[in-house]
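Reading through the structure tokens given below for one structure.
Read-outs: derived from the displayed coordinates by stated rules, not from any lab. On a predicted model such as this, the values are computed, not experimentally measured, just so you know. We place every Cβ from the backbone using ideal geometry, glycine too, and count neighbours over all the protein chains shown.
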């Protein structure tokens, strides 16, 4: 199924059956790759420069789907604000104070501010803030997600898009997000591609080889980049958490955070590489799902303790 058809399906079909159907399709398509993975002895662990050059030629770079122009940023932000509010239960209570963790351009904060909300955006870098956003009514701060500079229970709704896979300590960041959320308030996470999936290295504009983080060491990728004048993104940009690690984290916070919405987005692309080099993948993880679940979407509600 083409990416164009997938996008059309996401716009037309109800979310829950669409995601379950897509998971079933992915698992069916991945049967041969899973068998090769499970029967592998974990060798070879890594491929070399020659294989990287050959695969880079086999998988040419594709134009980025991300738009960073003002119109593109606003379109994305409107879609995000609409989605995260639409997911709320029927009577969510007051929602006046919002926090965007990993805001980057800040456009969603700007839109929430225009809706009359008190909106904050934090990031470890602020150079990404759009010019018109800087002049708006939202608030922005240079801040680490694992050490939020807000008092307890400040916000009604804390959210984060495409940042959680970058935060070095997701568990500490989630604890901080929970701390600054009021009881009965909400935390929404949408993030990916997750490490060890087809695009998990986030080297979209540099290394075109799917699953390159499973096939090649950082040193091999860096050497290839130097030899071909390719400016790679810093490897420390990713936290390298696997899908199973996130699943375990969600279980550990069950007493504090109730899952209202939970979606795992499966990716059936490029399974031929698992068939071709099963040992490279088996040596990175014993769990096949770590290679298939590319994105996660979760809406939590912070537990209200008796007497609160």
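Over the C-alpha trace of region 20-85, radius of gyration and Dmax come out as 19.6, 50 angstrom. With respect to the chain, whose longest principal axis is taken over its alpha-carbon atoms, helix 170-179 is tilted by about 10°. Straightening the chain between residue 65 and residue 259 buys 66.8 nm, computed as 0.36 nm per residue apart minus the Cα-Cα spacing. Taking the longest Cα principal axis of the chain as reference, the axis of helix 218-227 is set at about 80 degrees. Between residue 79 and residue 218, the contour length at 0.36 nm per residue exceeds the Cα-Cα span by 46.5 nm. A protection proxy built from the mean count of other Cβ atoms within 10 Å ranks the segments 70-80, 155-165, 113-123, most packed first, as 155-165, 113-123, 70-80. Projecting label points 7 angstrom from Cα along Cα→Cβ for residue 131 and residue 46 puts them 4.5 nm apart. The mean sequence separation of alpha-carbon pairs under 8 Å and at least six residues apart, normalised by the residue count of region 243-308, gives a relative contact order of 55 percent. Summary of the geometry: region 15-83 and region 87-130, compared by the centres of their Cα atoms, lie 28 Å apart.
Could you tell me how many degrees, from 0 to 90 and to the nearest 10, lie between the Cα long axis of helix 70-86 and the main elongation axis, the longest principal axis, of the Cα atoms of the chain? Taking Cα atoms only, the helix is inclined about 70 degrees.
Altogether, the Stokes-Einstein calculation at 4 °C and 1.567 mPa s, with the Kirkwood radius of region 206-307 over Cα pairs as Rh, returns a diffusion coefficient of 79 µm²/s. Counting every other Cβ atom within 10 Å of each residue's Cβ, 252, 240 order from fewest to most as 252, 240.
What translational diffusion coefficient, to the nearest whole µm²/s, does region 140-259 have by Stokes-Einstein, given a Kirkwood radius computed over alpha-carbon pairs, a temperature of 25 °C and 0.890 mPa s viscosity? Using the Kirkwood radius from Cα pairs, D works out to 153 µm²/s.
When both bridge partners sit in the chain, DSSP labels roughly 45% of those beta bridges antiparallel.
Mean separation of Cα pairs under 8 Å and 6+ residues apart, divided by the residue count of region 3-302: what relative contact order is that in percent? Once normalised by length, the contact order is 24 percent.
Treating r as the C-beta distance of residue 305 and residue 229 and R0 as 51 Å, the FRET efficiency rounds to 0.35. Distance between the C-alpha centres of region 207-255 and region 134-158: 28 Å, rounded to the whole angstrom.
Using 0.36 nm per residue and subtracting the Cα-Cα separation, the extra length available between residue 15 and residue 269 on full extension is 89.4 nm.
Put simply, when 140-151, 179-190, 100-111, 54-65 are sorted by average Cβ atoms within 10 angstrom per residue, most first, you get 100-111, 179-190, 140-151, 54-65. Overall shape: prolate for region 172-242, with the ratio a/c of the largest to smallest alpha carbon gyration tensor axis at 1.5 or above and a/b above b/c. Principal semi-axes of the equivalent ellipsoid, √(5λ) from the alpha carbon gyration tensor of the chain, are 35, 23, 19 Å from largest down.
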